[in-house]
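The values are calculated or read from the model by the stated rules, or taken from the named source; none is laboratory data. Nothing here was measured: the structure is a model prediction, and the numbers come from that model. No Cβ is skipped: glycine too gets one built from the backbone with ideal geometry, and neighbour counts run over all protein chains shown.
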Amino acid sequence: MAVAHLILLKIKSSLTEDQAQDILKAVAALKDQLPDVVESVHLGTNFSARSKGFTHGFTMIFKDRAALETYDKSSEHIKVVQEVIRPNIDDLICVDYDVVDYSIPRL
């Protein structure tokens, strides 16, 4: 079963939007660095007034929980988290869940 990895970020207010976009680009690059692990990446800048201060977010889709675990332990992921994300955020929320697709027709 596919797995979604949802991350919401509170980017430090001292960063410019260009710097925030560089963080998202580093996340997006993980798809190319781990093509057999990451199925898709969706990311962007928040525009909702209900975000509780979270400014940016991304969702990654993985084939299954084993692929997410491989990603989580990969040196590429760890480097982005330690060198790009953590130094530039005030807070983060992570939600991982099994994807149940209700958009397809059901009989």
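Does any residue of the range 6-18 turn out to be surrounded by 13 or more Cβ atoms within 10 Å (Cβ to Cβ) and among the polar types (S, T, N, Q)?
no
May I ask you to verify whether residue 15 is at pLDDT 95 or above and in contact with a Phe, Trp or Tyr (Cβ under 8 Å, 6 or more places away or on another chain)?
No, not satisfied.
Looking at this structure, is residue 31 surrounded by fewer than 17 Cβ atoms within 10 Å (Cβ to Cβ), farther than 22 Å from residue 97 by Cα, among the charged types (D, E, K, R) and under 14 Å from the mean Cα position of the chain (by Cα)?
No, not satisfied.
Restricted to the range 47-71, and to residues that are of a type in the set (D, E, K, R) and part of a loop (DSSP other than H, G, I, E, B), which residue is surrounded by the most Cβ atoms within 10 Å (Cβ to Cβ)?
Per the criteria, the residue is 63.
Scan 78, 93 and give me the residue that is assigned to a strand (DSSP E or B) and either modelled with pLDDT of 95 or more or out of contact with any Leu (no Cβ under 7 Å at 6 or more places or on another chain) (or both).
One residue alone meets the criteria, 93.
For the structure I just gave you, tell me whether residue 44 is surrounded by fewer than 17 Cβ atoms within 10 Å (Cβ to Cβ) and closer than 12 Å to residue 7 by Cα.
yes
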